[in-house]
Amino acid sequence: MSTTSQTAGRTRNKPARVSACAAFAGVVYASGSVMGGWLTVTYSAAILSLLIVCALVAMVSGHIGRRRAKKHGVEGRWLSLAAIVVGWLCILYAVVVNLLVMGLIAGLAVLFG
């Protein structure tokens, strides 16, 4: 094994890249641009669960990537931090949408019930 492949393996921060990809996937799911239509896509259980899973993966791997970047001195510290913040924002978005739709359903049930 050559020394360039050994040093290239040590300077990569794979958890930082995974956290960035998961955060991007969460933003795509949250925007509803997967299938179109805001309410039908955003509130479907599958999309909300995918959004939460992507956010959790972004947060966990972001913390791992930040620790690895600090400990080993590799790049990806700020990328991991951005993924952690986006992960929390995706969780917040999922909770707000869930509360809005449940409030809408409860309000309509009281109004017509």
| message | When you check Trp88 against the structure, is it in contact (Cβ under 8 Å) with a residue 12 or more places away in the chain and not charged (D, E, K, R), yes or no? | response | yes
| note | Taking first residues from the range 94-113 that are touching a residue at least 60 places away in the same chain (Cβ under 8 Å) and second residues anywhere that are surrounded by 11 or more Cβ atoms within 10 Å (Cβ to Cβ) and not in a helix (DSSP H, G or I), the pairs with Cβ under 6 Å that are 6 or more apart or on different chains are Val101/Tyr43
| task | Among residues belonging to the range 28-49 that are crowded, with 18+ Cβ neighbours inside 10 Å and within 15 Å of the chain's Cα centre (by Cα), point out the one that is modelled with the lowest pLDDT. | result | Thr42
| request: Could you figure out which of (1) under 15 Å from Leu89 (Cα atoms); (2) surrounded by fewer than 17 Cβ atoms within 10 Å (Cβ to Cβ); (3) modelled with pLDDT under 90 isn't true of Leu56? | output: (3)
| remark: Looking across the range 80-97 at residues that are modelled with pLDDT under 90 and loosely packed, with under 14 Cβ neighbours inside 10 Å, the single one that is farthest from the chain's Cα centre (by Cα) is Val96
| query | Restricting the range 58-79 to residues that are more than 9 Å from Pro15 (Cβ to Cβ) and not in a helix (DSSP H, G or I), which is farthest from the chain's Cα centre (by Cα)? | reply | Gly73
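The values are calculated or read from the model by the stated rules, or taken from the named source; none is laboratory data. Computed from a predicted model, the values in this text were never measured in an experiment. For neighbour counting, all protein chains shown are included, and Cβ atoms are generated from backbone atoms with ideal geometry for every residue, glycine included.
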